[in-house]
Amino acid sequence: MCETCGCGKPEGFTIHEPKHTHEHEHTHEDGHTHTHAHEHEHDHAHEHSHEKVINVNIDILSQNNLTAQMNRRFFEGRKVLCLNMVSSPGSGKTTILEKTISHLISSRKLYVIEGDQQTLIDSERIEKAGAPAIQINTGSGCHLDAHMIESAIKKLNIEPNSILFIENVGNLVCPAMFDLGEYKRVIVISVTEGEDKPLKYPNMFESSHLCIINKSDLLPYVDFRPEEFMKNAALINLHLEFITVSAKTGEGMSLWYDWILEQFDHSQDH
Amino acid sequence: MHEFSLAEEVLKIARQEAEKNKALAVSEITIEVGNMSGIEPDAFKSALGLLSDGSILENACINILRIKGKGICVTCGKEFEMDRRVDTCPICNSFPSEIKGGNEFRVVSLIIEEE
């Protein structure tokens, strides 16, 4: 879906206004060439009797949502807990996952799907921590979609009764719209970010179930007030749960591990 | 900029519908965009304009219909219109406890040219 996402790559496209705009290229006598566009009033000579209105009423995300539902059924059938981890770049998702893998790998089968625009750095870190990982490079794309996950799970050979973490592309805007088939969505924010993030990026906070507040070891050095942040987040999503951790020092991480195992049990009830 | 990949989905839908109805061309496409859908209408329209070059939508007029959201105030329980997700109740300034509508993002209709 995202191969044509043109972020930062306008080359290859020509600008087309969806109106009756015509572009002209002129070469003047002094040799310089320029292009300009202007709109015309047209008298349409053709008759409109051969026009027909088609009522479509199709949700534009329907194809993604359908594939996400198929992914979800696949996870339910195999009793796999799937968590979609979203955040801004640099919130510490990969470090959280490394620590989580070290802690849970002895008792559970774990898998990770990594989403980044470029490089294999994160999947290599995850494999080093001990879990099989698949890296999806989205190129210029800004999010993972359900089709990418569908392709990735075909390659992962996920065993039943396991846990799959999806580390989404670091971006608080675009991934919000794309259901991947996850059981729960986890948003990670770090204390070096603003307390007003939930108000600035409401869609992401609204669609998440758990919010991990990471880098709590830095709290004495920054102005971030967790209560204020949580208050803002609750304005957008009354049901959002919070866990404050420092993936670096390990503080609070046991709450996160407990939460995962609790979700694992819940997801098995289906 | 998820607008580009979404514009591509619209193009797919238009292509399918045009084929199904044996259209020669599409002269108009109408798309509903809810105010809280997470879609930036201008960016989306530009993306669709760029992608439609050389496609069935090449000469189509793109109509975007904005749909307002409706919030139910957490304090007074009254329904109020929302343009943005952070809009509050005009009477008591509270956030909504529930939001109805405003998340629409769909292709409503096409006007096609037939033989």
Taking the criterion of being of a type in the set (Ser, Thr, Tyr), at pLDDT 95 or above and either touching a strand residue (DSSP E or B) at 6+ places or on another chain (Cβ under 7 Å) or at positive phi (or both), would at least one residue in segment A:219-230 satisfy it?
no
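Considering each residue of segment A:196-215, count those that are of a type outside the set (S, T, N, Q) and away from chain B (no Cβ under 14 Å), and give that number. First the steps, then the outcome.
So in segment A:196-215, the residues of a type outside the set (S, T, N, Q) come out as A:196-202, A:204-206, A:209-213, A:215.
Then keep just the ones that are away from chain B (no Cβ under 14 Å); that gives A:209-213, A:215.
Of the residues in segment A:196-215, 6 are of a type outside the set (S, T, N, Q) and away from chain B (no Cβ under 14 Å).
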All but one of (1) touching a Cys at 6+ places or on another chain (Cβ under 6 Å); (2) modelled with pLDDT of 95 or more; (3) farther than 30 Å from A:Gly77 by Cα hold for A:Asn171; which doesn't?
(2)
Looking only at residues in segment B:2-34 that are surrounded by fewer than 20 Cβ atoms within 10 Å (Cβ to Cβ) and among the hydrophobic types (A, V, I, L, M, F, W, C), which one is farthest from B:Arg106 (Cα to Cα)?
B:Leu24
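Would you say A:Ser246 is surrounded by 17 or more Cβ atoms within 10 Å (Cβ to Cβ) and polar (S, T, N, Q)?
yes
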Tell me which of these A:Ile213 doesn't satisfy, since it passes every other one: (1) assigned to a loop (DSSP other than H, G, I, E, B); (2) farther than 17 Å from A:Cys82 by Cα.
(1)
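Looking only at strands (runs of 3 or more DSSP E) that lie completely in chain B, which have at least 2 residues being facing another protein chain (nearest Cβ under 8 Å)? Working first, answer last.
On the way: elements: B:25-34, B:61-67, B:69-73, B:79-82, B:96-100, B:105-113.
Qualifying strands (runs of 3 or more DSSP E): B:25-34, B:61-67, B:105-113.
Considering each of B:Ile72, B:Ile91 in turn, give the residue that is free of Cβ contacts under 8 Å to residues at least 40 places away in the same chain, among the β-branched types (Val, Ile, Thr) and in contact with an Asp or Glu (Cβ under 8 Å, 6 or more places away or on another chain). Working first, answer last.
Numbers: B:Ile91 fails: in contact with an Asp or Glu (Cβ under 8 Å, 6 or more places away or on another chain).
B:Ile72 is the lone residue from the list that is free of Cβ contacts under 8 Å to residues at least 40 places away in the same chain, among the β-branched types (Val, Ile, Thr) and in contact with an Asp or Glu (Cβ under 8 Å, 6 or more places away or on another chain).
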Count, please, the residues in segment A:216-229 that happen to be assigned to a helix (DSSP H, G or I) and either surrounded by fewer than 15 Cβ atoms within 10 Å (Cβ to Cβ) or within 14 Å of chain B (Cβ to nearest Cβ) (or both).
6
Taking the condition of being surrounded by fewer than 22 Cβ atoms within 10 Å (Cβ to Cβ) and within 14 Å of another protein chain (Cβ to nearest Cβ), how many residues in segment A:149-169 meet it?
1
Can A:Glu159 be described as among the acidic types (Asp, Glu), farther than 22 Å from A:Thr249 by Cβ and more than 18 Å from the chain's Cα centre (by Cα)?
yes
In segment A:72-93, anything in contact with a helix residue (DSSP H, G or I) (Cβ under 7 Å, 6 or more places away or on another chain) and surrounded by fewer than 21 Cβ atoms within 10 Å (Cβ to Cβ) is listed as A:Phe74, A:Lys79
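The values are calculated or read from the model by the stated rules, or taken from the named source; none is laboratory data. What you see is a predicted model; the values in this text were computed from it and never measured. Here the Cβ is made from the backbone with ideal geometry for all residues, glycine too, and neighbour counts use every protein chain on show.
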